[in-house]
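Any read-out appearing in this document is the output of simple, stated calculations on the displayed coordinates, not a laboratory observation. Being a predicted model, the structure only gives us computed values, none of them experimental. Every residue, glycine as well, gets a Cβ built from its backbone with ideal geometry; the counts of neighbours run over all protein chains shown.
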Amino acid sequence: MFDYSKYQGRNADWSNAFVAAPRFFTDPEGVPFGVLAINEGIETVMPKLPNKRYHPDGAEITNWRILLYSRTKGNVIGDTDFYGAMKKLVTGGYILDDNGENVLIQALTLTELDALMR
């Protein structure tokens, strides 16, 4: 997957971060998928491997999306593939800390959220 090891042990403050909780849906073809959110301007706790952690009704969900919410605009600005977005967050240096199962993502601007969709 991605090498998060350089972020371990930074001991960032996780206490005020938004904890992304999964929501589950089914696409028009009947394939289930999971969604986690990132909110503009708020540090976010995100699981590194949601497909290994969450199994609604015992099923493995392999398709994961990140929903991007803009506080400035007051609505959802889009969504993107979870794994592609996480790669951009890691390579872009947006990961503040790693506790083994989760990463702490720095507060992102509207421009940075928009870039995750590109």
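For a quick check of your reading of the filter: which GluC sites (Glu not before Pro) in the stretch 12-118 sit in a DSSP loop and have no more than 15 other Cβ atoms within 10 Å?
Those satisfying the criteria are Glu29, Glu60, Glu101.
If neighbour count is taken as other Cβ atoms inside 10 Å, put Met46, Met117 in order from fewest to most.
Met117, Met46
Just rank Lys88, Lys52, fewest to most, by other beta-carbon atoms within 10 angstrom.
Arranged by neighbour count, lowest to highest, Lys88, Lys52 become Lys52, Lys88.
Students often get this wrong: which residues of the stretch 76-91 have the backbone nitrogen under 19 Å from the point 7 angstrom along Cα-to-C-beta of Val31?
What the label zone holds, given the 19 Å backbone N cut-off, is 79-86.
Would you mind classifying the chain by shape? Square roots of the alpha carbon gyration tensor eigenvalues, ordered a ≥ b ≥ c; an a/c under 1.5 is rounded, otherwise it is prolate if a/b is larger than b/c and oblate if not.
Taking the square roots of the gyration eigenvalues as a ≥ b ≥ c, the chain is oblate.
To make sure I understand the rule: partners must be aspartates and glutamates, Cα under 18 Å from the Cα of Lys87, and not fewer than 8 residues away in the same chain. Which ones qualify?
Output for Lys87: Asp3, Glu43, Asp79, Asp97, Asp98, Glu101, Glu112, Asp114.
Ranking Val35, Val76 by Cβ neighbours within 10 Å, fewest first, what do you get?
Listed from fewest to most nearby Cβ atoms, that is Val76, Val35.
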